[in-house]
1. Using each residue's phi in region 32-39, evaluate 6.51 cos²θ - 1.76 cosθ + 1.60 at θ = phi - 60° and report the 3J(HN,Hα) Karplus result to the nearest Hz, with x for Gly and Pro.
2. Extending each Cα 7 Å along its Cβ direction at residue 140 and residue 24, get the distance between those two points in nm, one decimal.
3. Would you please classify the overall shape of region 39-141 from the alpha carbon gyration tensor, given that a ≥ b ≥ c denote the square roots of the eigenvalues, rounded means a/c under 1.5, and beyond that prolate means a/b larger than b/c while oblate covers the rest?
4. Mind sorting out which of [x] 10.0; [y] 15.6; [z] 10.9 is the real mean projected area of the Cα convex hull in nm² computed from the coordinates?
5. May I ask you to derive the relative contact order of the chain, considering only C-alpha pairs under 8 Å and at least 6 residues apart, and to give it as an integer percent?
6. Counting other Cβ atoms within 10 Å, keep those with at most 14, restrict to DSSP loop, and tell me which GluC sites (Glu not before Pro) in region 1-95 are left.
Amino acid sequence: MAESKNNIITHGLSGKVGDLIVFSQRNGKTIVSRAPKERVGDYTENQKEHQRKFQKATLYAKSVMKDPDQNQMYSAAADTSKGISTYNVAVADLLKAPDIESIDLSGYTGEKGDVIRIKVLDDFAVKAVTVTIENEDGSLVEEGSAVDSGFEWIYTATEGNKDLAGDKITIKATDNPDNVTEMTQTL
């Protein structure tokens, strides 16, 4: 892909020239690239899934553009000097789910008031983190929302849990487009 700078002939030009090259405008610059070739053969299931996910992302971004509150929120992360629009930020947010980086169970001994610390990253923002604690037999001990402390999410236990052996702690992180990432640790 080539970029045209200060060329009076190609300035503002967009479109396809024959079946050789395509001119397009991005961030006030004229971009010259090879014309795409016509696809031969069927799409694989992975390609179809990627197309569906991207279609969902574009629909989400369009809804963000129509909602004044969400538009303002995503606009704060946009950088038009780099060609990153509000729309681009919203598309990227839907395409990438939160990442649960770590779960620190060292402060959880089964006592009421014990703390579980969770580090969650997202390309835009994490909306919520929930914690579910189950006994080895699958019975629910407790569940609730963690609180964002700025650097990590903190969950404070509300119930006593005498026997921790084999207990499962499940963390779910959700971002604005409702992508959910789940991670389970067994004690």
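1. 10, 9, 5, 5, x, 8, 5, 5
2. 4.8
3. Oblate shape, in that a/c is at least 1.5 and b/c is the bigger or equal ratio.
4. Of the listed options [x] 10.0; [y] 15.6; [z] 10.9, [y] comes from this structure.
5. Reported as a whole number, the value is 15 percent.
6. 38
No value in this document is a laboratory result; all are computed from the given coordinates. From a predicted model like this one, the values you see are computed outputs, not experimental measurements. As a convention, Cβ positions derive from the backbone with ideal geometry for all residues, glycine included, and neighbour counts pool all protein chains shown.
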